[in-house]
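Each remark here refers to the structure printed beneath this line.
The values are calculated or read from the model by the stated rules, or taken from the named source; none is laboratory data. Treat the numbers as computed from the prediction; the structure is a model and nothing was measured. As a convention, Cβ positions derive from the backbone with ideal geometry for all residues, glycine included, and neighbour counts pool all protein chains shown. Areas reflect the complete protein model, heavy atoms only, side chains present, ligands, DNA and RNA absent. Shrake-Rupley method; radii C 1.70, N 1.55, O 1.52, S 1.80 Å.
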Amino acid sequence: MKLSYQWLNKYIDLRGKSASDIEDALTMIGFEVEGVDETGLPPLENVVVGEVVSRDQHPNADRLSVCEVRIDDEGNTRRIVCGAQNHKVGDRVPVALVGAVLPGNFKIKKSKLRGEVSEGMMCSARELGAGDDAAGLLILEQRPPPGMPINEVFPDNDTIFDVEITPNRPDCLSHVGIARELAAVFGLDLLYPELKHNFDDHGTASPDVFCKLTVESDDCPFYTAHVIRDVRVGPSPDWLQRDLRAVGLRPINNVVDITNYVLLELGQPLHAFDAAKIKDRRLIIRQALEGEKIVTLDEKERALHPRMLVIADVEKPLVVAGVMGSVDAAVDEETVDVVLESAHFRTQSIRWTSRRLGLGSDSSYRFERGIDPGNVVFAAQRAADLILDIAGGQLAGPVMTCGGVTSIRNEIHLTRPYLSNRCGFEIEDSKVEEIFSALELSATSRINDRQETEWTVEVPSFRSDLDSPIDLVEEVIRINGTNNIPAAPVTSTGLERRDDPVYRFNAKASSYLVGQHFAECLNYSLRSGDELKAWFSQAAADKCALANPLSSDQTHLRWSLIPGLLDNLKLNQSRKTGLKRIFECGHIFRERDGVLYEMAAVGFLISHDERSRSWRTPAKPDFYTAKTILASLAQLAGHRLGDDLRPVSGSISAWLEGHSAEAGDLMESFEARMGLLDPQFLSVHDVEGDVIAGILEIRLDKVADDGEIRRFTPFSLFPAAERDLALLADANEPAETVRQKLAGAAAKSCGDAFSVEEVRVFDLYEGKGMPEGKKSLGFTLIFRSPERTLTDGEVNAAFTATRQLMAEAGYETRQ
């Protein structure tokens with residue numbers, strides 16, 4: 001959202017606050033400033049209008065003149081040496097007095113130029129930052145009075161802040177909302193717009209202009225309509241056009257501009273109807289009818305859905321409620337009477353309509369996030385007040401309303417111990433109450449039975465984000481300033497916590513499958529309802545449906561990983577990446593006896609196309625390939641696949657061919673399915689060739705905990721000592737068995753003095769010279785101490801002891 005410094009200054013006195021101060025303040029209270037742009041002249045102090053009273057030739061320079069310049073209406077003058085040639089006596093020009101700082105940090109000082117004193121500088125447009133002309137002085141043709149600050153001569157200077165407003169703060173989608181926040185931070189008073197007209201006197205009723213208002217939908221809890229007669233539609237005054245242009249809006253006419261102005265001022269969307277274009281002088285707030293269409297203000301015809309809320313007359317819809325009006329009731333130069341709408345629409349309705357139509361606006365942006373229902377009436381009065389003041393006319397009463405709202409949303413109770421505990425430091429009660437007051441949170445305090453301060457805070461309707469005591473704590477810290485949190489040591493109890501077994505299983509499964517030349521895929525956990533109905537069951541589709549899906553192709557929780565993997569395979573085939581093995585680890589959802597269960601799952605696909613060209617023919621994957629992989633995955637989860645396989649049953653059997661099987665019971669622990677995917681199933685996904693699929697589904701509470709806890713061991717900074725040892729072992733004894741025994745013997749020999757860091761095999765010999773039935777295994781033993789460099793004596797002693805222990809275990813040392 002774009003915010004104008006000059007506009008903000010109407011509600012809060014920001015004099016003395018630089019753009020940098022405001023940017024820092026907004027950032028510290030939670031509103032990211034994405035950009036700051038300067039328009040017009042920058043703020044220039046001690047730069048005023050001057051009138052050239054005299055101009056004399058400089059006695060020591062041909063191209064310089066010495067001028068007397070009047071700088072105020074009291075006749076005070078300054079002697080200024082100037083090199084420009086385009087001015088004459090009587091001209092009025094910008095004068096930078098001593099102490100002024102011009103753009104580029106150019107400071108004006110009293111000085112001598114070729115022996116003549118100069119008490120300032122007459123300026124060109126470039127020197128002021130008002131243009132690129134530096135050929136001569138900027139002559140002020142409009143002849144403003146001497147002494148007038150130059151910023152008043154060129155009032156269009158402004159600073160525009162581009163601020164990111166978080167979705168939970170719709171109250172700050174307005175200049176008054178941001179001004180409220182800045183007033184709280186800077187400790188300043190907030191000034192609300194004042195109404196010049198008396199709205200208690202509604203004037204004379206005008207049934208010939210507008211006679212009836214009807215609300216037929218629960219999506220509109222509150223609607224108001226003000227009638228203003230005899231308005232003069234035309235261009236807006238300069239100040240209004242300037243404010244709108246500053247934040248990027250194009251002025252249209254005074255009535256429309258006022259509705260946009262109040263939208264950006266107070267955050268309340270409004271709409272103005274040409275009363276003469278409302279058939280039968282009636283407005284009906286209703287759902288759209290089947291087949292209805294509307295031509296919106298962007299001149300596009302749009303088909304309406306019965307779920308959409310519209311503002312209509314007796315013949316047709318005139319406005320897509322909360323989104324955009326139509327050309328059929330727009331205010332133009334011929335408009336005489338105006339019906340001014342201010343309403344509160346249900347957030348969900350406007351959001352759904354805006355997304356369904358692909359149509360967004362400043363109004364829908366605010367309605368989608370939630371406007372302040374307590375602001376509906378005041379915003380309408382503010383707009384009507386401006387219309388009466390700028391476009392003339394008279395208010396015709398009474399104001400028509402349907403429904404109503406309350407300005408107080410709820411109460412929150414906050415205690416001193418809770419506040420102190422959550423903050424971690426103390427804030428005085430008076431400061432807490434000052435912050436509540438600055439944020440317009442009505443708070444009453446009392447001392448409870450435990451002699452603790454307790455606040456009861458009434459939350460106004462514009463703060464829909466405040467629901468619980470912790471929200472109030474956040475407000476206190478935010479406005480008090482996170483930079484004011486006192487420095488203190490942070491103490492906490494260290495807790496040893498292991499990763500969840502499901503997470504560890506997914507990591508191990510991913511590592512195993514990547515080692516088997518699979519590529520990992522990550523898909524959304526949502527699928528379309530049509531897919532579930534077609535390939536699983538209606539019960540699955542009903543149980544997995546989302547209440548409020550964001551898109552038509554992601555309406556249901558996924559029932560299996562396989563359809564998503566097929567989409568991945570299709571993409572890779574279409575782009576000819578050559579990828580044939582893919583997998584995914586994730587969660588799926590299954591319905592059993594009316595209950596929805598969440599399961600951990602691993603699925604994989606292996607494709608094979610006989611038409612693929614290769615210099616060698618790879619082995620064709622089959623059922624047993626999938627079974628072998630699934631057996632390994634089941635083992636990683638602490639289960640055994642076994643050989644007790646059975647034909648695939650249920651709805652999943654429709655997408656597996658005859659050469660397939662399943663094992664396990666999902667309700668007991670796990671279930672595995674494997675086999676060749678049905679060609680019809682593949683054709684739906686436009687996948688070519690044969691595809692072997694495997695999927696392992698496990699109950700979340702049945703993933704085995706491997707019990708392994710890995711702790712960090714700091715590495716030594718001292719050098720290692722290595723010794724080699726060759727042992728004779730039985731020819732049929734695994735080398736790993738011998739290595740483990742040797743490692744144990746070495747650890748025992750080292751004791752607590754140092755450690756054996758590693759024992760590894762480096763040689764195997766079974767040839768000539770070996771006793772029958774024996775082989776020679778060569779090992780390297782690495783010794784290291786974390787505290788010191790080992791001596792040869794202690795390493796040799798440990799090595800000799802290790803050889804002795806191995807000899808006692810029946811392993812002869814080979815020389």
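Each row is one residue, and each column tells you yes or no for (1) over 30 Å from the mean Cα position of the chain (by Cα); (2) crowded, with 21+ Cβ neighbours inside 10 Å; (3) on the phi > 0 side of the Ramachandran plot.
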{"residue": "E290", "(1), (2), (3)": "yes, no, no"}
{"residue": "D298", "(1), (2), (3)": "no, no, no"}
{"residue": "L304", "(1), (2), (3)": "yes, yes, no"}
{"residue": "L309", "(1), (2), (3)": "no, yes, no"}
{"residue": "V314", "(1), (2), (3)": "yes, no, no"}
{"residue": "G325", "(1), (2), (3)": "no, yes, no"}
{"residue": "D332", "(1), (2), (3)": "yes, no, no"}
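Inspect all residues belonging to region 681-694 and state whether any of them is open to solvent by 60 Å² or more (accessible area, probe 1.4 Å), assigned to a loop (DSSP other than H, G, I, E, B) and either in contact with a Ser or Thr (Cβ under 9 Å, 6 or more places away or on another chain) or without any contact (Cβ under 8 Å) to a residue 12 or more places away in the chain (or both). There is at least one residue in region 681-694 that is open to solvent by 60 Å² or more (accessible area, probe 1.4 Å), assigned to a loop (DSSP other than H, G, I, E, B) and either in contact with a Ser or Thr (Cβ under 9 Å, 6 or more places away or on another chain) or without any contact (Cβ under 8 Å) to a residue 12 or more places away in the chain (or both).
Selection of region 740-759 for residues being open to solvent by 60 Å² or more (accessible area, probe 1.4 Å) and either under 14 Å from E794 (Cβ atoms) or in a helix (DSSP H, G or I) (or both) yields Q740, K741, K748, D752. Here the condition is being at pLDDT 90 or above and either β-branched (V, I, T) or open to solvent by less than 30 Å² (accessible area, probe 1.4 Å) (or both); of G35, G83, it holds for G35 alone. Residue pairs whose Cβ atoms lie under 9 Å apart, separated by 6 or more positions or on different chains, with the first residue in region 161-181 and under 17 Å from K10 (Cβ atoms) and the second polar (S, T, N, Q) and assigned to a strand (DSSP E or B), are F161/S4; H175/S4.
Looking only at residues in region 1-32 that are in a helix (DSSP H, G or I) and open to solvent by 50 Å² or more (accessible area, probe 1.4 Å), the one that is farthest from I160 (Cα to Cα) is M28. Checked against the criterion of being aromatic (F, W, Y) and within 17 Å of L340 (Cα to Cα), the candidates F378, F436 yield just one match: F378.
Is it the case that region 514-531 has a residue that's within 19 Å of T625 (Cα to Cα), buried (at least 18 other Cβ atoms within 10 Å of the Cβ) and in contact (Cβ under 8 Å) with a residue 24 or more places away in the chain?
Applying the first criterion (within 19 Å of T625 (Cα to Cα)) to region 514-531 yields 514-520.
Pick out the ones that are also buried (at least 18 other Cβ atoms within 10 Å of the Cβ) and you get 518.
Filter once more, so that each one left must be in contact (Cβ under 8 Å) with a residue 24 or more places away in the chain: 518.
Yes, there is a match, as at least one residue in region 514-531 is within 19 Å of T625 (Cα to Cα), buried (at least 18 other Cβ atoms within 10 Å of the Cβ) and in contact (Cβ under 8 Å) with a residue 24 or more places away in the chain.
Here R478 fulfils each of the conditions (1) open to solvent by 70 Å² or more (accessible area, probe 1.4 Å); (2) within 28 Å of the chain's Cα centre (by Cα); (3) basic (K, R) apart from (1). Among the residues here, L571 qualifies as farther than 21 Å from M667 by Cβ and either crowded, with 21+ Cβ neighbours inside 10 Å or more than 27 Å from the chain's Cα centre (by Cα) (or both). Annotation: A509 fulfils all but one of (1) open to solvent by less than 50 Å² (accessible area, probe 1.4 Å); (2) part of a loop (DSSP other than H, G, I, E, B); the unmet one is (2). Remark: pairs (first residue in region 587-605, in contact (Cβ under 8 Å) with a residue 60 or more places away in the chain; second residue charged (D, E, K, R) and in a loop (DSSP other than H, G, I, E, B); Cβ separation under 8 Å; 6+ apart in sequence or on different chains) = I588/R558. Going through region 86-99 one residue at a time, which ones are more than 55 Å from the chain's Cα centre (by Cα) and open to solvent by less than 70 Å² (accessible area, probe 1.4 Å)? Answer for region 86-99, where residues must be more than 55 Å from the chain's Cα centre (by Cα) and open to solvent by less than 70 Å² (accessible area, probe 1.4 Å): H87, G90, D91.
Test E216 against the stated conditions and say whether it is open to solvent by 10 Å² or more (accessible area, probe 1.4 Å), within 15 Å of V319 (Cβ to Cβ) and without any contact (Cβ under 8 Å) to a residue 40 or more places away in the chain.
When the stated conditions are applied, E216 does not pass them.
Is it fair to say D274 is of a type in the set (D, E) and crowded, with 23+ Cβ neighbours inside 10 Å? No; evaluated as a whole, the condition is false for this residue.
Has region 371-386 got at least one residue that is at pLDDT below 90 and either surrounded by fewer than 21 Cβ atoms within 10 Å (Cβ to Cβ) or over 29 Å from L263 (Cβ atoms) (or both)? There is no residue in region 371-386 that is at pLDDT below 90 and either surrounded by fewer than 21 Cβ atoms within 10 Å (Cβ to Cβ) or over 29 Å from L263 (Cβ atoms) (or both).
In region 243-262, the condition of being open to solvent by less than 60 Å² (accessible area, probe 1.4 Å), among the polar types (S, T, N, Q) and touching a strand residue (DSSP E or B) at 6+ places or on another chain (Cβ under 8 Å) is met by at least one residue.
Can you pull out the residues in region 326-363 that are of a type in the set (S, T, N, Q) and either in a helix (DSSP H, G or I) or in contact with a helix residue (DSSP H, G or I) (Cβ under 6 Å, 6 or more places away or on another chain) (or both)? Hits for region 326-363 are S342, T347, Q348, S349, T353, S354, S363. For region 269-316, filtering for residues that are assigned to a strand (DSSP E or B) and closer than 29 Å to L173 by Cα leaves 18. Restrict the check to region 63-76 and report whether at least one residue is buried (at least 18 other Cβ atoms within 10 Å of the Cβ), polar (S, T, N, Q) and outside any loop (DSSP other than H, G, I, E, B). Yes, there is a match, as at least one residue in region 63-76 is buried (at least 18 other Cβ atoms within 10 Å of the Cβ), polar (S, T, N, Q) and outside any loop (DSSP other than H, G, I, E, B).
Applying the criterion of being of a type in the set (V, I, T) and touching an Asp or Glu at 6+ places or on another chain (Cβ under 9 Å) to the residues of region 112-159, the residue that is farthest from W7 (Cα to Cα) is I139. Residues that are open to solvent by 70 Å² or more (accessible area, probe 1.4 Å) and assigned to a helix (DSSP H, G or I) were ranked within region 397-429; the one that is farthest from G370 (Cα to Cα) is N421.
Taking the criterion of being in a loop (DSSP other than H, G, I, E, B) and open to solvent by less than 50 Å² (accessible area, probe 1.4 Å), the residues of region 100-118 that qualify are A100, I108.
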